[in-house]
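To keep things clear, I will list the structure first and then write my remarks on it.
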Amino acid sequence: MEQGPLIEIGLPVSLFFIMIGMGLTLGLKDFREVAIAPKATLVGTLAQVLLMPLVALGVATAMALPPALAVGLVLIAACPGGTTSNVFAFLGRGDVALSIVLTVIASLVTILTLPLFVNWAMSVYYDETVTLRLPVLRTVITLFVIILVPVAIGMVVRRYQPGLAARAERIVGIFGLVVLVAVIIAILVSVGDEAWGFFRQAGAAAIVLNIAGIAIGLAGGRLMGLSREQAFTLAVEIGIKNGTLGLMIALSLMDSPEISIPSAVYGLLMFVFGFLLIGYSRLTGIGQVRSEAG
């Protein structure tokens, strides 16, 4: 695939600014959630960075996906939640502080786990004649630069310029959505006539993966003794992924529009499931007492 400016330069730069937006929502006090609710933090983190990639491997194998789509499904499953998950947690009256902490911790941990899972998937679904691999060291450095550095920048801005941070946060959120849509359109153009076939194959797998993530959060969270608000927040964090990150890795680091298809499909479908989760929360009264008290 011939890299265009949108993918080669625009996507990593856009993701950098999106992660600054995440940092704009964070203060040091938010990390107290790790001490206040260690069980919810631990369960949510493990489900995001370890369980979901394994679920994706199972789904890809059970549905006999083509190698590129199978690896792409594992890739998006290995991605952490993004700022979008925090928005859905807020709209659904979940535990927003927990959502933010889970997003940040998962983002940091996946700097190491994501390349390992993707390369494992490559070894499972491709034979030894295929030389395509996700470069681990380059990926770790890239994720460090576009995740940890901008989050730190955003936190510093919020600490010293809270007014500016509040205004910029809304703009960055809209910017991230526009970038995601633009990149998805670029992918459709790049794969041409094969686009519908990829969507037809990856769509069902993305739906199953999304439903599995939501179920793990809601049912698993309750089985682990978490509150309804915490279990709902886990469902949002596990079900809503950083699609922009998945696209950046597949297109910029792996140079594969085919592997990027599951991230593109999932990036669209997760909004549908996100709004369904909000509807579920509102209908069942999750967080209602706390909301009225506030």
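The values are calculated or read from the model by the stated rules, or taken from the named source; none is laboratory data. Everything numeric in this text was worked out from a predicted model, so none of it was measured. Glycine gets a Cβ as well: all are built from the backbone with ideal geometry, and neighbour counts include every protein chain shown. Please note that ligands, DNA and RNA were not included when accessible areas were found on the heavy atoms of the full protein model with its side chains. Shrake-Rupley method; radii C 1.70, N 1.55, O 1.52, S 1.80 Å.
Side notes on the structure shown:
- Listed by position, the helices (runs of 4 or more DSSP H) inside region 23-116 whose residues that are open to solvent by less than 10 Å² (accessible area, probe 1.4 Å) number at least 1 are 38-46, 52-62, 67-78, 83-91.
- All of (1) in contact (Cβ under 8 Å) with a residue 40 or more places away in the chain; (2) closer than 18 Å to residue 216 by Cβ hold for residue 276 with one exception: (1).
- Pairs with Cβ under 9 Å, 6+ apart, first in region 152-167 and of a type in the set (A, V, I, L, M), second open to solvent by 70 Å² or more (accessible area, probe 1.4 Å): 155/28; 157/164; 164/158; 165/158; 165/159; 166/158
- Boolean, residue 269 is open to solvent by 10 Å² or more (accessible area, probe 1.4 Å) and assigned to a helix (DSSP H, G or I): yes
- Considered as a group, the residues in region 231-266 that are β-branched (Val, Ile, Thr) and assigned to a helix (DSSP H, G or I) include one that is nearest to residue 16 (Cα to Cα), and that residue is 244.
- When residue 123 is tested against the conditions (1) open to solvent by 40 Å² or more (accessible area, probe 1.4 Å); (2) under 21 Å from residue 269 (Cα atoms); (3) of a type outside the set (A, V, I, L, M, F, W, C), the lone failure is (2).
- Filter pass, residue 274 being in contact with a Gly (Cβ under 9 Å, 6 or more places away or on another chain), modelled with pLDDT under 90, under 19 Å from residue 15 (Cβ atoms) and of a type in the set (Gly, Ala, Ser): no
- Every pair of residues 6+ apart whose Cβ atoms lie under 7 Å, when the first sits in region 1-29 and is farther than 18 Å from residue 164 by Cβ while the second is modelled with pLDDT of 70 or more and part of a loop (DSSP other than H, G, I, E, B): 1/255
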